[in-house]
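Heads up, the thing below is written out as structure tokens.
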Amino acid sequence: MIWHVAVRLKAIFDLGRDYSWERPETCLRCECPRVWGHGFVPRYFDGFSTCLYMKCYRCPNCGCVITARPATHFRHIRSSIETIRFHLRQRLIHGRWPPSPLSRSRLRHWLANLKRQVQAHLSCDWNLGLLTGFGELSSRGRIPSPAHGVGPSKPLYYSQLKSKQCVFSELRGMFSVPKWAL
């Protein structure tokens, strides 16, 4: 489980594992007041050449592992929320990507996924603009530019999806469509 905390990445980079992490008051899943330290996990962020070690905690009651994550970043994304918003705003307002050390493919990925997220979660008729959609998705707890497409935060695997034959047979059952038309 991800626990977003207000931290300065520069301080974590300087101090490493000696950084003084605040402990969650209760487990985020079962609200047990006892939470134990559970080590560190390496995470990579833009602007740092090496990994930064994020603190993990474990609930002895339900076994949930809680990983600290900077509140300035979405899950699974190396760039900060403000960096993503800045680049998307420049592209949508001025029609060009701003000069940036980030790759154009990553920037295009953000824009394409933002469009998909707006259509999937706000509506196909959304006419308030993509920047407003970015803010609305963020306020709803959705990642506007997820690393894994439109679905949930975790990646979907083929085994979790229905097969084509299953979907087509359901469609045939719902409509009187000849088999050759599918």
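What follows is calculated from the coordinates using simple rules that are stated; it is not laboratory data. Since we're looking at a predicted model, the values are computed, not measured. As a convention, Cβ positions derive from the backbone with ideal geometry for all residues, glycine included, and neighbour counts pool all protein chains shown.
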Subject >> Cβ pairs under 9 Å, 6+ apart, first in the stretch 84-102 and under 20 Å from PHE74 (Cβ atoms), second assigned to a loop (DSSP other than H, G, I, E, B) and among the hydrophobic types (A, V, I, L, M, F, W, C) >> reply: ILE84/PHE74; ILE84/ILE77; HIS87/TRP97; HIS87/LEU102; GLN90/TRP97; ARG91/TRP97
**OP:** List the number of the failed condition for CYS64; all other conditions in (1) over 21 Å from ILE143 (Cα atoms); (2) within 17 Å of the chain's Cα centre (by Cα) hold.
**Re:** (2)
